[in-house]
Amino acid sequence: MKVFILILILFSAVSTFSQTVSYTYDKSGNRTVRTVNAVAKSSQAPQVIEKQQTVTALSNPVTEKDISIYPNPTQGHFTVDISNIFHEDLKGEAYLFDTNGRLIEKKGIHSHHLHKKLNFNLNHKVAGVYILNIRLEENTFTWKIIKK
């Protein structure tokens, strides 16, 4: 009952309430800051309440531009080249699927180096489109691989 009375008092004191949310992005397009501005107007002067939340991702994330896949289209063999790794102990997986969603090959990614290469072989598979899914920490990247 006390909670109900408190809520009733709050609603009677505040006649209007509005809120805006804005975001700040870095050069790569990653959201870095979320700002919430709330304005409460009552019979007294309006109050502006501002709350900022900093969004943190990997300290030095690997981005899609740091991953090269060649040759694509391929005759069978192709390489995934991950560069610009600054994470001390990067862990992830690379999955190669056919268009029916069947897993063809899975490779673990564990790196203590600034560079990592993975080699895949589609020689035993029919020509067509395959899906390469790379998961590094909390990031996921997907490519179409074409086998001629």
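What follows draws every value from the coordinates through simple rules; no lab data is involved. For clarity, every value in this text was computed on a predicted model and none was experimentally measured. All Cβ positions, even for glycine, are placed from backbone atoms using ideal geometry, and neighbour counts span all protein chains on display.
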Full extension from Asp98 to His110: what is 0.36 nm times the residue separation minus their Cα-Cα distance, to one decimal in nm? 1.9 nm
For the Arg135, Val33 Cβ pair and Förster radius 25 Å, calculated FRET efficiency rounded to 0.05 is 0.45
